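See below for the structure under consideration.
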Amino acid sequence: AYVEKLKTDGRISRLKLPKGRKLPMTFAQATKQYLERLEATEGKNLKGKRQHLRDQLIPFFGKTPLESIATFDVERFKRHCQDEGLSKSTINRYLASFSHVMNKSLEWGWLDKKPCVVAKYKEPPGRIDYLTAAEVKRLLLAAKAY
């Protein structure tokens with residue numbers, strides 16, 4: 001009986017079916033529910049996230065089960081975006097949306113553990129503006145008056 005139980009447990013874990021579901025949730029299914037939940041809770045930057053999901057993420061990851069997305073797949077996605085001519089900053093925005101979907105999936109119980117690591121590109125620092133001598137004088141006068 002013990003050996004039979006071990007065999008059954010092995011078959012169950014080999015299939016990697018989520019608890020309470022007969023089929024694993026795909027990335028496209030998860031993003032649909034993700035957007036619905038964000039709309040219900042007034043999530044931030046919905047317009048941008050919708051665009052990121054529609055333009056790049058769902059076409060690339062759509063049919064893949066959530067728990068099957070590996071770090072290698074994320075690296076393939078980054079390469080795919082580079083091949084399309086997207087800048088590293090733009091790719092980072094897509095990766096941020098992807099990472100948020102994965103983190104919320106974990107928080108909402110759609111995943112047992114985070115299946116992948118999302119490594120973003122290093123971005124150059126933003127633009128640096130210098131004050132002219134006249135602007136410095138006006139700033140100091142305004143500070144003294146304040």
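For region 59-74, which residues satisfy the criterion of being in a helix (DSSP H, G or I) and either touching a residue at least 60 places away in the same chain (Cβ under 8 Å) or open to solvent by less than 40 Å² (accessible area, probe 1.4 Å) (or both)? Walk me through how you get there before you give the answer.
Here is the first cut: in region 59-74, the ones in a helix (DSSP H, G or I) are 59-61, 66-68, 71-74.
Across region 59-74, the qualifying residues are Phe61, Leu66, Asp73, Val74.
Does Lys32 count as part of a helix (DSSP H, G or I), out of contact with any strand residue (DSSP E or B) (no Cβ under 8 Å at 6 or more places or on another chain), open to solvent by 60 Å² or more (accessible area, probe 1.4 Å) and at pLDDT 90 or above?
Working: part of a helix (DSSP H, G or I): yes; out of contact with any strand residue (DSSP E or B) (no Cβ under 8 Å at 6 or more places or on another chain): yes; open to solvent by 60 Å² or more (accessible area, probe 1.4 Å): yes; at pLDDT 90 or above: yes.
Answer is yes for this residue.
Please work out if Arg138 is charged (D, E, K, R), within 25 Å of Arg37 (Cα to Cα) and out of contact with any Lys or Arg (no Cβ under 8 Å at 6 or more places or on another chain). Break it down into steps so the answer makes sense when it comes.
On the way: charged (D, E, K, R): yes; within 25 Å of Arg37 (Cα to Cα): no; out of contact with any Lys or Arg (no Cβ under 8 Å at 6 or more places or on another chain): yes.
Here the answer is no, as Arg138 does not meet what is asked.
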When both residues are 6+ apart or on different chains and their Cβ atoms are under 7 Å apart, which pairs have a first residue that lies in region 37-58 and is free of Cβ contacts under 8 Å to residues at least 12 places away in the same chain, and a second that is assigned to a helix (DSSP H, G or I) and open to solvent by less than 20 Å² (accessible area, probe 1.4 Å)?
Leu46/Leu38
Criterion first (at pLDDT below 90, surrounded by 13 or more Cβ atoms within 10 Å (Cβ to Cβ) and not hydrophobic (A, V, I, L, M, F, W, C)) does Pro124 satisfy it?
no
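The values are calculated or read from the model by the stated rules, or taken from the named source; none is laboratory data. Just so it is clear, the structure is predicted and the values come from calculations on it, not from any experiment. Neighbour counts run over all protein chains shown; Cβ positions are idealised from the backbone, glycine included. To get the accessible areas, we keep the full protein, side chains included, count just its heavy atoms, and leave off ligands, DNA and RNA. Shrake-Rupley method; radii C 1.70, N 1.55, O 1.52, S 1.80 Å.
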